[in-house]
1. Please give the contour-minus-distance gain from A183 to Q266: 0.36 nm per residue of separation, less the Cα-Cα distance, rounded to one decimal in nm.
2. Treat each spin label as a single point 7 Å out from the Cα along the C-beta direction, and report the N204 to T301 distance in nm.
3. With both partners inside the chain, how many of the DSSP beta bridges are antiparallel, as a percent to the nearest 5?
4. Please name whichever of A25, G68, Q178 sits farthest to the positive end of the charge dipole of the chain, dipole taken about the Cα centre and charges placed at Cβ: Lys and Arg +1, Asp and Glu -1.
5. Could you let me know the centre-to-centre spacing of region 176-233 and region 106-146, using Cα atoms, in angstrom?
6. How do T233, T301, T147, T217 line up, fewest other C-beta atoms within 10 Å first?
7. For a footprinting-style exposure proxy, rank R244, R234 by other Cβ within 10 Å, fewest first.
8. Got a sec? Charge dipole of region 113-218, +1 on Cβ for Lys and Arg, -1 for Asp and Glu; which of V137, A118, A202 is way out at the positive end?
Amino acid sequence: MKAAFRSALLVLAALCPLLVLADAAPQKITISVPGPRNISYLPIDLIPKIGADKAEGIEVQLLHTGGGGVALSNLMNHNTDFAVAGMPAAMSLRANGGKVVVIGSVDDAPLFVFMVRADLKNKVKRIADLKGMVIGVNTSSLSSKTTSQQLAELVLKSDGIATDMVRVVAAGQSWMEQSSLMASKTADAIMGDEPFASRLLAENKVFFLANLADPKTSEKIPGANFLHAALETREDVIAGDPQRVEKVAAILRRTLQWIAAHTPEQVVAALGFEDKEERDSMLASLKKYPHLYSKDGRLSTRQLHETERFFHGTSEGNPAAQELKVESMVVDKWAGKKD
């Protein structure tokens, strides 16, 4: 009897690891990303909604921030091992010594709108009229200047306005932050994001002074077709746990392929908007920019070169930034590359 009991215990002990494995919770991975519900970063918001993470045995948790610089700061401070931020912001961090690398593409087109408060329409007719005003940009950090701020400085400079001729304030990257900044008149203009800009325009609270989606604006900006939202990690993460990086890259690819196979209405439905105005605004923007997202996360050689050109144009007088080559911080092992 005792021998039989001991045998049963041995069998149970042998089965326990299998039972634990079967019941084990999926590995949790946090991604720091601007937002929420900023159209340029929408694929990341969709990951847990459509189960793209569960398909890879992962549970993705999102840490939303007011700008790519903050998302990258979370990455450098080891608060997260992955971030999604503008590629020019990642280049800014790399030029300042941050060991950040880019492993996948989220967007195929950068969307930025230079919007001005509606009550200033008779005062501001051109970029030069912003001299002495307060300009809102996505929140930067000490080590990384956001793409929004780089673009704002470049656009201002194109019309003879130096950085010290305006006052720059943080505008965040969500509807609440950017709409509040306009409503409170804390800022006169914002280098802002969709769908927030179009919603503010529809509500007659702003007017558009420049739109990167408009050729009249983009033709004046060197490297205007830069890679905006990209998936980033640190060099030590790749060296220490390449399988985890492979899984996150696969999750991004699954999500982008899902978006490509679904209508804007289905994308918006998956996000589960409770506010009708917010839902309608997002749907209108998704229809307005049908080619916004990468279809598979592959990194475009052409787009990377455009990004380098853009970044060098925004960093004159900074030797470290001018010497930085975009290819030095790109790892395309998992996402792949295209022309």
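1. Values: separation 83, 0.36 × 83 = 29.88 nm, distance 3.16 nm.
Here the answer is 26.7 nm.
2. So the label points at N204 and T301 sit 5.2 nm apart.
3. Values: 20 of 39 bridges.
Antiparallel: roughly 50 percent of the beta bridges in the chain.
4. Sorting the options by dipole projection puts first A25.
5. Cα centroid to Cα centroid, the span is 7 Å.
6. Numbers: T233 25, T301 15, T147 35, T217 20.
Ranked by crowding around the Cβ, least crowded first: T301, T217, T233, T147.
7. Ascending number of Cβ neighbours within 10 Å: R244, R234.
8. A118
Values in this text are rule-based calculations from the coordinates and carry no lab data. Predicted model only: the values in this text are computed from it and were never measured. A quick note on method: Cβ atoms are made from the backbone with ideal geometry, for glycine too, and the neighbour counts reach across all protein chains shown.
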